[in-house]
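Report on the structure given below.
Every read-out reported here was derived from the displayed coordinates using simple, explicitly stated rules and does not represent laboratory data. Since the model is a prediction, treat every value here as computed from it, not as a measurement. As a convention, Cβ positions derive from the backbone with ideal geometry for all residues, glycine included, and neighbour counts pool all protein chains shown.
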Amino acid sequence: MLSNKRPIGFIDSGVGGLTVVKEAMRQLPNENIIYLGDTARCPYGPRPAEQVIEFTWQMTRFLLAQEIKMLVIACNTATAVALDEIKKNVDIPVIGVIEPGARAALKASNTHQIAVIGTQGTVKSGVYQSELQKKAPDAQVESLACPKFVPLVESNQSHSSIAKKVVAETLAPLKVARPDTLIMGCTHYPLLRPIIQNVMGDEVHLIDSGAETVSDVSALLDYFQLNNYHHTGEKTCQFYTTGSEKMFESIASDWLALAKMNVKHIDLEGN
């Protein structure tokens, strides 16, 4: 029997999954959290699927050793290629970020003209288009890889003039398609949300696939009776990074609005 006080584990290629953690902290205030960002090997998008699967397993094994009660793959690229394999081979609930994002997009869209932005790996997989059209065969889906977005976020330039220029130039082709809904199919992208919204226009619904995932996490906690209802003592939020602790903390403390963070550096096998 899993202890309800055990933490929920979150993994990502870097800092992007913190957008999921932020929503988890809001929706699930009693839950303990442990997060691992593989910033040293970020981005995952351009990497071969086999390598992404290998890296995802390395992160998963690390968090399993920390006795997590649920795993959230808070990375669209890793979800696209590794979710099914991980789910079949671990004995705790595992959830990804793609299906919740697709479901939310269809709910928000009036025209079913939906755009998806993501990493090269996510877009190449076609997983969002497949998921959207499985649920709504009439959905018209335009996908666009945005390989420059993750490096902007990881280098803490989300609010810079460079970010505004890069986002505007990258998204220009999507404006021609005139979608009414845009899925931010990478958990890094919500850190660029104000710029993305400004470029696409206020009439376009932006879907944060990571934030939508937390509703599914909450439902699974209920289903498996894993909620930490009777939390006593101080809630713990532990953060690990394979890269610079200082850079990670700078981005994370700003995004999560935490005055004090517990960030540790780790090395994963093959790093």
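Points worth noting:
- Per-residue extension of 0.36 nm, minus the Cα-Cα distance of HIS159 and SER253, leaves a gain of 32.3 nm for this segment.
- Estimated D of region 52-136 in µm² per second, where Rh is the Kirkwood radius over Cα pairs and Stokes-Einstein applies at 10 °C, 1.306 mPa s: 115
- Less than 5 angstrom separates the built amide H of SER143 from those of VAL116, all sequence-distant by 5 or more or on a different chain.
- Here GLU234, GLU99 are placed in order of increasing Cβ neighbour count within 10 Å, fewest first, which gives GLU234, GLU99.
- Cut-off 17 Å (backbone N to label point 7 Å along Cα→Cβ of TYR229), residues of region 12-38: 28-32
- Degrees separating the helix 98-108 axis from the principal Cα axis of the chain, which is the longest one: 50
- Distant-in-sequence amide H partners of CYS75 (H built 1.01 Å from N, under 5 Å): VAL97
- About the centre of its Cα atoms, the chain shows a dipole size close to 240 debye [charges on the beta carbon of Lys, Arg (+1) and Asp, Glu (-1) only; nearest 20 debye].
- Dimensionless Rg/Rh of region 98-210 - Kirkwood Rh, Rg from C-alpha atoms: 0.94
- If R0 is taken as 25 Å, the Cβ-Cβ distance between SER244 and GLN120 corresponds to a FRET efficiency of 0.55.
- Between the amide H of LEU182 and those of ALA115, HIS205, LEU206, ILE207, distances stay under 5 Å, these residues lying 5 or more places away or on another chain, with hydrogens modeled in the peptide plane.
- Our Cα-only numbers for region 185-271 put the radius of gyration and Dmax at 17.0, 46 Å.
- Highest average packing first - 129-135, 18-24, 211-217, Cβ atoms within 10 Å: 18-24, 211-217, 129-135
- 3J(HN,Hα) along region 147-161: x, 8, 6, 4, x, 4, 5, 5, 9, 6, 10, 4, 10, 8, 5 Hz, from the Karplus curve 6.51 cos²θ - 1.76 cosθ + 1.60 with θ = phi - 60°, whole Hz, x for Gly and Pro.
- For the chain, the percent of C-alpha pairs falling in each 10 Å distance bin, counted from 0 to the bin holding the largest distance, reads 7, 32, 37, 20, 4, 0.
- Working ranking of peptides 34-47, 245-258 by packing, defined as the average number of other Cβ atoms within 10 Å per residue, highest first, is 34-47, 245-258.
- Spin-label pair MET261/ARG61, simplified geometry with 7 Å Cα→Cβ offset, distance in nm: 2.7
- Dipole of region 131-271 [Lys/Arg +1, Asp/Glu -1 at C-beta], most positive-end residue of VAL141, ILE196, SER218: ILE196
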